[in-house]
Amino acid sequence: MKNIGQEMYNWAVDLFPINRSLSGNGVRETLHYIKNIIPELNILEVPSGTKCFDWTIPKEWNCDDGYIIDPDGNKICDFKINNLHIVGYSTPIDKDIEFEELIEHLYYIEEEPSAIPYITSYYTERWGFCLTFNEFKKLKRGRYKVRINSELKNGNLTYGEIKLKGKSEKEIFLSTYVCHPSMANNELSGPVVTTALVNFIKLIANRKYSYRIVFIPETIGSIMYISKNLDAMKKYIIAGFNITTIGDNKSYSYIPTRYGNTLADKVSKHILQNTDYIEYSFLDRGSDERQYCSPGVDLPIATICRTKYHEYPEYHTSLDDLSFISPEGLYGGYDKIKKAIELIECNQYYKINVLCEPQLGKRGLYPTISTKASNDVVKKMMDFLAYADGNNDLIDIANIIGVQAEELFGIIEEMKKANLIDVA
Amino acid sequence: MKNIGQEMYNWAVDLFPINRSLSGNGVRETLHYIKNIIPELNILEVPSGTKCFDWTIPKEWNCDDGYIIDPDGNKICDFKINNLHIVGYSTPIDKDIEFEELIEHLYYIEEEPSAIPYITSYYTERWGFCLTFNEFKKLKRGRYKVRINSELKNGNLTYGEIKLKGKSEKEIFLSTYVCHPSMANNELSGPVVTTALVNFIKLIANRKYSYRIVFIPETIGSIMYISKNLDAMKKYIIAGFNITTIGDNKSYSYIPTRYGNTLADKVSKHILQNTDYIEYSFLDRGSDERQYCSPGVDLPIATICRTKYHEYPEYHTSLDDLSFISPEGLYGGYDKIKKAIELIECNQYYKINVLCEPQLGKRGLYPTISTKASNDVVKKMMDFLAYADGNNDLIDIANIIGVQAEELFGIIEEMKKANLIDVA
Amino acid sequence: MKNIGQEMYNWAVDLFPINRSLSGNGVRETLHYIKNIIPELNILEVPSGTKCFDWTIPKEWNCDDGYIIDPDGNKICDFKINNLHIVGYSTPIDKDIEFEELIEHLYYIEEEPSAIPYITSYYTERWGFCLTFNEFKKLKRGRYKVRINSELKNGNLTYGEIKLKGKSEKEIFLSTYVCHPSMANNELSGPVVTTALVNFIKLIANRKYSYRIVFIPETIGSIMYISKNLDAMKKYIIAGFNITTIGDNKSYSYIPTRYGNTLADKVSKHILQNTDYIEYSFLDRGSDERQYCSPGVDLPIATICRTKYHEYPEYHTSLDDLSFISPEGLYGGYDKIKKAIELIECNQYYKINVLCEPQLGKRGLYPTISTKASNDVVKKMMDFLAYADGNNDLIDIANIIGVQAEELFGIIEEMKKANLIDVA
C-alpha cells in the first residue's frame, strides 16, 4: 500500500516540470513517460482543423522559452523557472514595450498575492504573462522587453488510449486529462492514479469486464474522443469514472451524473457511504463529466475525487504544487476507485435456489459453537439470502441489509460452494 | 402597474353596492358592467328547473327592498343601507309579528359583534334578516313589522363566458364567481382581477393557447357549466385557475388539485416558490375546485389566491368590505396569475441540437470579459443546455437548476437564435 | 371485552403446564384442548423423515420425567416441577457422573440469575439440564445421578389446521405456533389469541373471505406447511398475520413483510397508526415470517404483536410465565388483529356515481341544523367522495383524508343506501 502511494508520488515528481497544454510536445512527453510504465498505451494524434461536433481541433502550441526583462535589466516571469508564467497558447512575441502596454498582458490574483495564476487562451489569439501579485506590485514604469518563444501552427492534438480485454465486451471506462502544466492535484494526481489503476486492472485474474482508459486534454479531448467513439461507448460502457484532483489528503468528493441514477453513481455512493465525503450536484460539474453526461451522449460516468476542483484556494495556481498532494492522499483516492472497480467486477443479481430458509446446519454453515462473531456471520448470511430473490444486485442487497458489499464477498463464495445461490 | 391595481379597485367600488345572488338582476347588472369593459363577454341564461348532473337550477330570486320596523317605529335591518341584512333567497314577507317569533328569523355572530353575517337559503324556502350582535342586543320585546319585497319565480340562472382564440385549440381556463352581494375580497376581487386578466390576455401577441373564461355563480354555476361543456373542457383545457379572495394584501395561498399533479399545480408552485405563501391541501378546498377536480371531471384547475376564504375572520360578513382589499392587494394577485399564464404560454420541452457542450465563443455567447454577472449568465446557459434533453419542460429545467423560469426567457431566445436548441 | 380477555387467559393457565416441543404428545394434548373449543380444528400428522424443501421432519420426542440427584441426595432440576429443566429433544440418560462431567450438560444465564433458560437441540443429539444461575452456584463437587426418561423415535410431527369458507375463495391466513413448553408470552399468547379470533371469525355474518388458520411448530412446521400448500397459499391468500408474543400489556409492535408493501402491511400500519407502537424492519424478523416471506414463497404475511420476541429480558426463560401476560394484554393484541380482519373484510375500491359533488340535501344527508359534529360528518362524507374515484381502496381514502377507516363504515353504508357510491 505504502509502495503504491509512493510510486504514484514519484511519477508526479517526474512529470511535474513538463509544460503540458492542450496540445504539443509536453503532452507527447507525458504520454511517453506513461507508456514506459504501461506498454499497452497507444499514443494517437488528431490533426488541427478536424471537426468534432460543435468544435474544431485548434492549432498545436509549443513553447521553448519566455520572459520579461524589466527596466533595470532583471529577467522576471521566466518560463524556465515556472511554466505557469506564460499564458497557455500565447502567440510569439519579441518586443520592447512601455509598462502601460505591458500591464494589459499581465495576470495576477490580488486575493492570493503569492500565487501565480494559471491562464490560457486557447480560442482567442493573444499573448500574456502570469505572476504573483507580490511581484506585480514591485514593477515600475519604464520600458520592458517581452519575449515568448512559442509556435502556434497546424499540427496535432495528442492523446493516449488503453484497451484491456475482459470476458465480456462490456466496458468500464476511466478518463483523465494531461493538459495542465506544472500543477499537482489538478492535474497530475489524475494521470498517476489512473496509471496505477491500470496496473491493478491488469492483475485482476479472469476479469469480467473490458476496460477503456483515456489520457486526453480536458474538454476538447473528451469532445474529440466522444465524437470518434460515441457508438461504441454507448454500446459497451456500463460505468466509468472521471479521474481528477485525487491526490490531496483532505476530503473525498463525489459528483453525480446528470440524473445521479447510473451504475457509476450507485457504486460511488456505496463505496463512499461510510467515509466522510461531500456529495456534489451535477450543477457543480466542471470537468469532462460535462461532456460524458451531456444530452444524447448520456454515458454513466461519475467522479470520485478528493478535494474537488474549484473548491480549494490553491486550485489553478502555482500553489497547487507537489506539497499539496501526498503519497497517502494519492493512495486514498486510488483505493476508492479500485474498490469501485472491484465492486462492479463482482456485482451480480443473486437468487437463492431453495424455497424457505435453507438448513445451514447440515451444510456446515451453522456454527457449532455460537459466539457473537459467528452469530453476525449467520445473520448476514440469512439476511443476504432473504433478499437474494433475483431482483437485487449485490449492491442493492448490501444497501438493504446495511453492510458494505465487500463484507459479503466471503459469504457469497461459501454459499455458492454450498449450492445455495445462483447468479440470476 | 399602479394603474391596473387602481383600475381594478375602481371597478370593485362600482360593483360593490349591487345585490348579487345565485340568480337575478344583480348578476345581470354585474355582467353588463363587465361587458362594457370586455365586449367579448357573452351573457347567457339557463332556465330554472334545468337538470345539471345531481342538481336542478333553482328559481330566480330578486329583491327590491326589506326592513324591520321596531316597536318604537325605527326602521332597522334596512336592505337599502346594506343588502347583507336580507337572507339571500328570502321569500317575500309583509307582516306584524311578536319579538318571540321574529328572533327565529334573525342571524348574527356573537363572537364578531360588529359584523353583519352573510346568510343564504337557496334550497330551503325561508325568510330572515341578518344584523350585528350589537344591534341585536338592543332589540326589546314587542310587536315588529317585517317586510321583504322579494320575488322567487321560475326564471333563469345568468352567467358570462368569454372565448379568445389562440394558435392552438388547447385552452387555459379562468373561473370566477358573481353571486355574492356587497362583499369585497370574497367576492369582488375575483371578477375584477379576472376582468383585468382578460385585458392582459387580449394583448398577448401571437398567443399560443386559446382561453375560456367564465363568470358564474359558485357551486351551481360551475356544476351547470361543467354539465354543458364537460367533453370540450376535458379535451381542450391544459390548465386553469379558480380566481377568488385575491384582493387583500396579506398573504398568498395555493390550493392544489385533487392529487396536486397537474400543470396548474406545477405552474402555481413554481410561480410562488420564492414568495411567502401557504400551501393548502385539497382537503381545505371550498370553492369551485370542488367541482372542477371531482372524480370523473378531473380538470387541471388549481387556485392561487391571497388570504384564502374561511381563513380570515371578516370572511362572509359585512367586514369583508372595500377597506379589506386594496389596489396593491389586487395587483399582487393579478400579477401572480398573469405570471402563471405567461409561463404556460412559453412552457415547452427543449432539446439541445448539438452533442457535447456547444462552443459558445464562436457564437458570441461567451463573454469576452468575464465578470460575475456574465459568469452567472454562462452558468445558467450551460445548466439549461445540460437538462435540455427533450425530457424536461422549461419549468422542470428551472426547478432542477434552481432559478425562476422567467430568468431563462432571454437565454432561451439567444439560444434559439444561435440555433442551439429546438422545441422538442 | 373483559370476558374474552379473561377467557383467553384461562386457556393459557390450562395449557401452561403441558410439555410442548417440536413434536410429541404435548403438542397433541395442546391441540386437543383447542379442538374442544373449536371443533373445526383438524389435527394432522406428518411422519419423521418426510422431506420439506431443504429440511427433513425430525424424530418425535417425548419425555416423562427427568431430574438430577445431588451428592447429598437432593432432587434438583426436576422436570415435574418445571419442564424447562430438561433441554428440549434430550436423549435418554440414566447414569452416575462426576460434577466435572455434569457441568458440560448444564445451561444457565449469569446475567439473569433467577431465570431457567429455554434450550433445545433439535438437530444434534445431546442431553442437558437447564437451571437458574443461583441454583448452579450452589452445586458442589461430587458424584451426581442424572436421569432423563425421554424417547426419540420415528414418529410424527403434529399440527392443527382450520379452514372456514367465505363468499370468496380468497383467504385471510393466521399462523401461530405450539412448540414451546411452559412459557406464556412466547408462546401461549399466540394460540389462545388465535383461538379467540377463530371464534370471532365464525361469527362474521356473510364473511367475504375464506380463512386458513394453522397451529404449527415454529420453523419446521411452517416450512412443512408451505411445502405441502404453496400453490394454494400463493393463489388464495391475500393477507395474513403471524401471531406471537401478543399477551403482555406493554407495547405494540409491527414486523413488515420482506418489502413492506403488501395488503397485510398496509392494514397493519393503518390499524396501528394512532397507537403507540414500534415499527420493526424485516431484518428484525425471527419467527415464521422468515419462511412465509422468503424469496419464491413471497406471501403477504406480516406480524402485529405486543412486546416482540427477543426484545424483553424474560424471553425464552422461565420468567416468561403467566404473570408476564394478562387478560388486558391478550385482549389488546386480540383486538388489533380483529380490527385488521374487519378492515380487510370491508376494504374495497369505491367509486362515486355522480359527476361533480352530489346534492346531499335532497337525499337527507345534509344536516338541517348545522353543528360541529354534523359538519364533521359532512366534511368526512365530501372528502370520502372526493377520493372515491375508483383508484383508491378504503384504506387509501382513509389515509388521504386523515381518519381511521372504521370512522367511515357508517358513512359508506349511508352513501350506498343513497346510491351515491359503488364498489369499483
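Each value in this text was obtained by applying a stated rule to the coordinates, not by laboratory testing. This is a predicted model, so every value here is computed, not measured. Cβ coordinates were reconstructed from backbone atoms using ideal geometry, including for glycine residues, and neighbour counts include every protein chain displayed.
Miscellaneous remarks
- Working from Cα pairs under 8 Å separated by at least six residues, relative contact order for chain B is 17 percent.
- Projecting 7 Å from Cα along the Cα-to-Cβ direction, the label point of A:TYR123 sits 6.8, 6.8 nm from its equivalents in the other copies, listed shortest first.
- Here B:LYS140 is the anchor, and the lysines within straight C-alpha reach of less than 27 Å, apart from those fewer than 8 places off in the same chain, are B:LYS75, B:LYS80, B:LYS95.
- Shape index of the stretch B:60-152: Rg/Rh, with Rg the Cα radius of gyration and Rh the Kirkwood radius from the inverse mean 1/r over Cα pairs, equals 0.93.
- Annotation: amide H-H contacts under 5 Å for C:CYS52 (H modelled 1.01 Å from N, sequence separation of 5 or more, or interchain): C:ILE57.
- Rotation relating A and C, chain C residue nearest the axis via C-beta, angstrom: C:ASN261, 12
- For the pair the stretch B:143-183 and the stretch A:313-357, the centres of their Cα atoms are 69 angstrom apart.
- Under the convention that each Lys and Arg Cβ holds +1 and each Asp and Glu Cβ holds -1, the size of the dipole of chain C around its Cα centre is about 1300 debye.
- FRET efficiency for the pair C:HIS310 and A:ASP64, taken as 1/(1 + (r/R0)^6) with r the Cβ-Cβ distance and R0 = 56 Å, rounds to 0.15.
- Pairs from the table (A:LYS59/B:LYS380; B:LYS208/B:LYS338; B:LYS153/C:LYS416; B:LYS35/B:LYS338; A:LYS51/A:LYS165) lying more than 23 angstrom apart at Cα are A:LYS59/B:LYS380; B:LYS153/C:LYS416; A:LYS51/A:LYS165.
- For the stretch A:60-153: relative contact order, % (alpha-carbon pairs under 8 angstrom, 6 or more apart): 44
- Calculated mean residue ellipticity at 222 nm for chain C: -9500 deg cm²/dmol, from DSSP H runs with n ≥ 4 weighted as -39500 (n - 2.57), summed, divided by the residue count and rounded to 500.
- Note on chain C: GNM, Cα springs under 10 Å; of C:GLU279, C:GLU406, C:GLU357, the largest mean-square fluctuation is that of C:GLU357.
- When both bridge partners sit in chain A, DSSP labels roughly 65% of those beta bridges antiparallel.
- Cα centre as origin, Lys/Arg/Asp/Glu Cβ charges: the protein assembly as shown dipole, Debye: 2640
- Cross-link pairs beyond the 31 Å C-alpha cut-off, checked among C:LYS163/C:LYS336; A:LYS269/A:LYS379; A:LYS336/B:LYS266; A:LYS266/A:LYS351; B:LYS235/C:LYS167: A:LYS336/B:LYS266; B:LYS235/C:LYS167
- Seen from A:ASP389, the other residues with C-beta closer than 11 Å to its C-beta sum to a net charge of 0, counting Lys and Arg as +1 and Asp and Glu as -1.
- For the stretch A:349-423, alpha-carbon Rg over 2.2 N^0.38 Å: 1.02
- Each other copy holds its own label point for C:PRO92; taking that point as 7 Å from Cα along Cα to Cβ, the gaps run 11.0, 11.0 nm, nearest first.
- Sorted from closest to farthest, the other copies place their C:THR371 label points 7.2, 7.2 nm away, with each point set 7 Å from Cα along Cα→Cβ.
- The relative contact order of the stretch C:349-423 comes to 49 percent, based on Cα pairs under 8 Å that sit 6 or more residues apart.
- Ranked by the mean number of other Cβ atoms within 10 Å of their residues, highest first, the peptides B:227-236, B:371-380, C:55-64 come out as C:55-64, B:227-236, B:371-380.
- A Cβ-based charge dipole, computed about the Cα centre of the stretch B:349-423 with Lys and Arg at +1 and Asp and Glu at -1, lands at about 360 debye.
- Net +/- balance of residues flanking B:GLU40 in space, Cβ distance below 12 Å, scoring K and R +1, D and E -1: +4
- Here's the picture: charge each Lys and Arg Cβ at +1 and each Asp and Glu Cβ at -1 in the protein assembly as shown, and of B:ILE76, A:ASN83, A:SER268 the one pushed furthest to the positive end of that dipole is A:SER268.
- For the segment C:350-363, counting C-beta atoms of other chains within 10 Å of every residue's C-beta and taking the mean gives 6.
- Fluctuation leader among B:TYR144, B:TYR177, B:TYR366 - chain B, Gaussian network, Cα springs under 10 angstrom: B:TYR366
- Span-like helix ranges in chain C, DSSP H, alpha carbon extent 18 angstrom or more, Kyte mean at least 0.5: C:189-202
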